[in-house]
Amino acid sequence: MLFTEDFLHYIWKFKLFDFHDLQTTDGLSLEILSVGVHNFDAGPDFHNVRIRIGDTLWAGNAEIHIAAGDWYKHNHTHDEAYGNVVLHIVYRNDKPVILPNGRQVPTLELANRIPAELYTRYHQLAYGNQQIIPCEATIKTVSGIKLHNWLTRVLIERLQKKSVAVIDTLQHNRGDWDETFYQHLAANFGFKVNALPFELLAKSLPQQILAKHKNSALQIEALIMGQAGFLEVELADGYPLKLQAEYGFLQKKYNLKPVEKHLWKFMRLRPQNFPTIRLAQFANLIFKSNHLFSKILEIEHLADFRKLFNQVDVNDYWETHYRFGVESKPASKSLGKSSVDLLLMNTIAVFLYSYGHHHKLQQYIDRSLELLESVPVEQNHIVNDFTNLGVIAKSAFESQALLELKNNYCNHKKCLQCGVGNQILNLG
């Protein structure tokens with residue numbers, strides 16, 4: 001029967017084995033008073049274990065292996081961290097473990113104490129031939145309440161992980177939240193495909209420079225388009241020439257170096273998503289929303305977050321162009337609803353959470369979660385796969401959690417650390 005040490009950790013941690021007439025391998029009665037605390041760092045697997053062997057009470061650590069001989073394979077014998085192991089828990093006791101001081105480590109063998117049904121369920125998860133997720137055949141048996149509770153926890157994990165990246169940028173920016181928000185917002189305006197050049201652009205063009213030109217939409221767009229590298233070519237149209245002239249002056253004034261134009265990707269993008277259009281939209285947002293992060297912290301009504309992005313429009317030139325010098329049929333270039341939703345999820349909600357967590361201000365954490373609950377489910381193949389399995393997200397709160405669940409639990413078959421997997425394995 002195939003299984004890992006993690007499976008035995010799970011068995012021990014949740015007491016999923018037969019406790020009747022427990023004995024050590026040398027025939028002494030064994031009573032488990034506390035399984036201890038799972039240790040995920042170096043050293044024995046469980047700390048603060050309390051057991052009674054015969055009439056003697058023991059307190060210390062426990063180590064778990066598939067075979068007792070693994071103790072020697074893992075070189076624990078001469079590691080002082082394992083000197084206080086009071087119980088060796090193994091699936092198969094193939095040899096005694098004796099420490100350098102001559103003490104034999106008491107051993108509990110689990111081979112005949114694990115329910116067969118638990119083996120079966122574990123194997124279906126860990127070694128099955130599933131197409132989407134390990135529990136695709138059984139996830140519908142998990143109650144809606146328990147699934148939602150787990151998704152809530154997974155969503156918090158996702159926000160905490162993203163918060164680490166935010167705080168890292170914040171430290172680089174010497175505690176400047178406005179600059180940090182501006183840089184992350186720019187990266188998210190790239191919508192994955194052009195996230196890198198957008199991020200590089202923002203780092204090459206500090207927000208304080210843009211703030212000096214807050215009253216001129218032309219100058220802000222000139223700075224952004226110029227730093228993107230799109231004004232370094234020969235241009236013929238009236239509006240692009242104005243941008244080019246403005247940028248030429250401002251570039252020298254601030255000693256600016258543009259990002260490399262070849263970094264921007266147009267291939268396989270719909271014209272509405274061309275980087276030139278996203279840059280024009282971003283420039284207009286900056287123009288209309290000076291000190292944007294401060295405004296976001298002040299917003300109390302969720303609908304007002306959306307209004308920040310709905311107000312974005314572009315210069316009339318872009319109504320008939322997707323690229324400089326190439327005319328097209330007139331079309332609106334405002335931000336689409338799905339784009340706004342993604343910005344609300346990946347930027348606004350993340351920064352509200354990060355700010356609240358960093359400053360220990362619960363109201364911003366709550367606002368972040370409420371915002372995600374108000375945003376519709378995004379459409380992607382992961383969310384669609386879960387829908388086909390009967391797990392239907394009701395809002396971005398749940399769909400974002402499903403992304404985290406799939407990418408950080410299901411893809412790595414971490415079923416034993418997953419609330420859904422735990423529920424499926426539960427024999428009660």
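The values are calculated or read from the model by the stated rules, or taken from the named source; none is laboratory data. Everything numeric in this text was worked out from a predicted model, so none of it was measured. Positions of Cβ are generated from backbone atoms using ideal geometry, with glycine treated the same way; all protein chains shown enter the neighbour counts.
Need at least 3 residues that are free of Cβ contacts under 8 Å to residues at least 24 places away in the same chain and more than 26 Å from LYS295 (Cβ to Cβ) per element, so show me which helices (runs of 4 or more DSSP H) inside the stretch 182-267 make the cut, counting only ones lying wholly within it. Break it down stepwise before answering.
On the way: elements: 195-204, 207-211, 217-227, 238-254.
Fully inside the stretch 182-267 and qualifying: 238-254.
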Subject >> Candidate set from the stretch 154-180 (those that are in contact (Cβ under 8 Å) with a residue 40 or more places away in the chain and over 15 Å from HIS357 (Cβ atoms)); member that is farthest from the chain's Cα centre (by Cα) >> reply: ASP178
Original post:
Would you call THR180 surrounded by 19 or more Cβ atoms within 10 Å (Cβ to Cβ), in contact with a helix residue (DSSP H, G or I) (Cβ under 8 Å, 6 or more places away or on another chain) and either in the same structural domain as GLY54 (by TED's automatic domain parsing) or farther than 30 Å from SER29 by Cβ (or both)?
Top reply: yes
Original post:
Of all residues in the stretch 45-65, which are surrounded by fewer than 16 Cβ atoms within 10 Å (Cβ to Cβ) and either under 33 Å from the mean Cα position of the chain (by Cα) or aliphatic (A, V, I, L, M) (or both)?
Top reply: HIS47, ASN48, LEU57, ALA59
Subject >> Set VAL391, VAL350: member being farther than 27 Å from SER143 by Cα and in contact (Cβ under 8 Å) with a residue 40 or more places away in the chain >> reply: VAL350
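Kindly indicate whether any position in the stretch 155-175 is touching a Leu at 6+ places or on another chain (Cβ under 7 Å), in a helix (DSSP H, G or I) and either surrounded by fewer than 20 Cβ atoms within 10 Å (Cβ to Cβ) or of a type outside the set (D, E, K, R) (or both).
The first filter runs over the stretch 155-175 and keeps only residues touching a Leu at 6+ places or on another chain (Cβ under 7 Å), leaving none.
For the stretch 155-175, residues touching a Leu at 6+ places or on another chain (Cβ under 7 Å), in a helix (DSSP H, G or I) and either surrounded by fewer than 20 Cβ atoms within 10 Å (Cβ to Cβ) or of a type outside the set (D, E, K, R) (or both): absent.
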**OP:** Look at LEU108 and say whether it is assigned to a strand (DSSP E or B), of a type outside the set (Phe, Trp, Tyr) and at negative phi.
**Re:** yes
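Within the group SER334, SER399, which residue is at pLDDT 95 or above and either out of contact with any strand residue (DSSP E or B) (no Cβ under 9 Å at 6 or more places or on another chain) or more than 30 Å from PHE230 (Cβ to Cβ) (or both)?
Details: SER334 fails: at pLDDT 95 or above.
Result: SER399 is the single residue among SER334, SER399 that is at pLDDT 95 or above and either out of contact with any strand residue (DSSP E or B) (no Cβ under 9 Å at 6 or more places or on another chain) or more than 30 Å from PHE230 (Cβ to Cβ) (or both).
Could you please find all residues in the stretch 68-100 being within 15 Å of THR24 (Cα to Cα) and in contact with a Lys or Arg (Cβ under 9 Å, 6 or more places away or on another chain)?
At the first step, the residues of the stretch 68-100 found to be within 15 Å of THR24 (Cα to Cα) are 68, 85-98.
Matches in the stretch 68-100: ALA68, VAL86.
Could you list, in sequence order, the residues of the stretch 77-92 that are outside any strand (DSSP E or B) and either at pLDDT 95 or above or of a type in the set (Asp, Glu) (or both)? Give the steps one after another, and end with the answer.
Step one: filter the stretch 77-92 for residues outside any strand (DSSP E or B), giving 77-84.
Hits for the stretch 77-92 are ASP79, GLU80.
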Original post:
Which residues, counting only those in the stretch 23-48, are within 22 Å of ASN112 (Cβ to Cβ) and in a strand (DSSP E or B)?
Top reply: GLN23, SER29, LEU30, GLU31, ILE32, PHE46
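Evaluate the following for LYS161: is it more than 30 Å from SER328 (Cα to Cα), among the basic types (Lys, Arg) and outside the structural domain of VAL312 (by TED's automatic domain parsing)?
Details: more than 30 Å from SER328 (Cα to Cα): yes; among the basic types (Lys, Arg): yes; outside the structural domain of VAL312 (by TED's automatic domain parsing): yes.
Taking the combined requirement at face value, the residue satisfies it.
Could you list all residues from the stretch 19-44 that are of a type outside the set (Gly, Ala, Ser) and under 38 Å from the mean Cα position of the chain (by Cα)? Reasoning before the result, please.
At the first step, the residues of the stretch 19-44 found to be of a type outside the set (Gly, Ala, Ser) are 19-26, 28, 30-33, 35, 37-41, 44.
Within the stretch 19-44, ILE32, LEU33, VAL35, VAL37, HIS38, ASN39, PHE40, ASP41, PRO44 qualify.
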Subject >> Failed condition for LEU279, given (1) surrounded by 16 or more Cβ atoms within 10 Å (Cβ to Cβ); (2) of a type outside the set (D, E, K, R); (3) farther than 30 Å from ARG367 by Cα >> reply: (3)
